[in-house]
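The structure appears right after this line, and notes come after that.
The values are calculated or read from the model by the stated rules, or taken from the named source; none is laboratory data. Bear in mind that the values here come from a model prediction, so they are computed numbers and not experimental data. In this analysis, Cβ positions are derived from the backbone assuming ideal geometry, glycine residues included, and neighbour counts consider all displayed protein chains.
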Amino acid sequence: MEQTLLRIWQRRGWQAWLLWPLSLLYGLLAGVRKLMYRLHLKKSGRVPVPVVVVGNVVAGGSGKTPVVMALVQHWTARGVRVGVVSRGYGRSSTDCREVRPDSLPADVGDEPALVQRSCQVPVFVARQRLQAAQALLAAYPTTQLIVCDDGLQHHALHRDLEICIFDDRGVGNGFLLPAGPLREAWPRPVDLVLHSGANPAFAGWRAQRTLADYAVQANGTRVPLATLRGSPVLAVAAVAQPESFFSMLRAAGLSLEETRALPDHYNFDSWSRPSDKHKAVICTEKDAVKLWQHQPDALAVPLVLAIDAGFWAALDQRVHPWL
């Protein structure tokens, strides 16, 4: 079903037009909800520190979490105390909780677990992101800035700056869900647009994605990718665009004897590796926080973002007055 929808969303074919009436209903409901916030019939809650939302208007992954991590690392390096909030998509729990180093991805979500592990900053998850932000500040009152991973359409949390991420799909066929990939009509006002794909469909800053030249073991040890060249490799990816990961591995010179593309946010509880124990298993960092529970010898290859210098300059210009 997922692959079928992705294909339909690429152009305005007969299947997209068949779903178009449902898009009108979706747009009407989304518009009424947004209008209620503008008219203050629904309240947007504020917190006493700036909130930066990193999101998208296109359904599916577009590289939001790597951007969140890059932002956190950028500000942390400058001495800013940053926290992150998220809904924790795919988690089994429904409460508001802190993501700790020993938190299970099933309880907090794979992306929040990855952010906490990689950035080592306070991370809180809740169904209502406002609640997560309030809990974070209560536990870490010296926090100066909060980054919200996703939530561009979650208006219950007031935001001071919005960053919208696009990949190579752009806006697809330009239709709203379910006839197209758009969660809301585009263009719409945002502060900054960042393209994580190789071929931006319109103006915005670039974030070039490449793989690190090493893989990481569960204990943190780095393994140079060069040592894996010529060896049989099983590549596993449970992300929005697994073929992109496989292509980058091949570009790094690895021989992928087998690939396994799994649904985004797959929990790996029912997954088993092939009987060939000598075949290295390689996955993304996002998958590793779950896969290591079952396959501790799996190798995770980090994603490296090279973001245009102009983006950082524009971002700092907007954020500096608040800090």
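A few comments on the model shown:
- Among the residues making up region 199-226, those that are farther than 19 Å from Lys290 by Cα and charged (D, E, K, R) are Arg206, Arg209, Asp213.
- Checked against (1) assigned by TED's automatic domain parsing to the domain that holds Asp110; (2) over 21 Å from the mean Cα position of the chain (by Cα), Val223 passes all but condition (1).
- A Cβ distance below 8 Å, combined with a sequence gap of six or more or placement on separate chains, defines the contacts here; from region 225-251, residues that are among the charged types (D, E, K, R) reach residues that are exposed (fewer than 14 other Cβ atoms within 10 Å of the Cβ) in the pairs Arg229/Gly253; Arg229/Ser255.
- Considering region 8-31, and only residues there that are part of a helix (DSSP H, G or I) and at pLDDT below 95, the residue that is surrounded by the most Cβ atoms within 10 Å (Cβ to Cβ) turns out to be Ile8.
- Any hit, region 114-126, residues being in contact with a His (Cβ under 8 Å, 6 or more places away or on another chain), outside the structural domain of Val239 (by TED's automatic domain parsing) and among the small types (Gly, Ala, Ser): no
- Unique residue being at pLDDT 95 or above and closer than 15 Å to Arg318 by Cβ when the list is Val72, Val68, Val54, Val47: Val54
- Trp205 being out of contact with any Pro (no Cβ under 6 Å at 6 or more places or on another chain), aromatic (Phe, Trp, Tyr) and touching a residue at least 40 places away in the same chain (Cβ under 8 Å): yes
- Looking only at residues of region 261-287 that are modelled with pLDDT under 90 and among the polar types (S, T, N, Q), we find that the one that is nearest to Pro112 (Cα to Cα) is Asn267.
- Filter result for Gln208 (under 23 Å from Ala306 (Cβ atoms) and at pLDDT below 90): no
- Complete set of residues in region 162-179 that are small (Gly, Ala, Ser) and closer than 21 Å to Leu29 by Cβ: Gly172, Gly174, Ala179
- Scanning region 141-158 for residues that are among the charged types (D, E, K, R) and either out of contact with any Gly (no Cβ under 8 Å at 6 or more places or on another chain) or not assigned by TED's automatic domain parsing to the domain that holds Thr76 (or both) yields one hit, Asp149.
- Yes/no for Gly90 being touching a His at 6+ places or on another chain (Cβ under 6 Å) and not assigned by TED's automatic domain parsing to the domain that holds Phe245: yes
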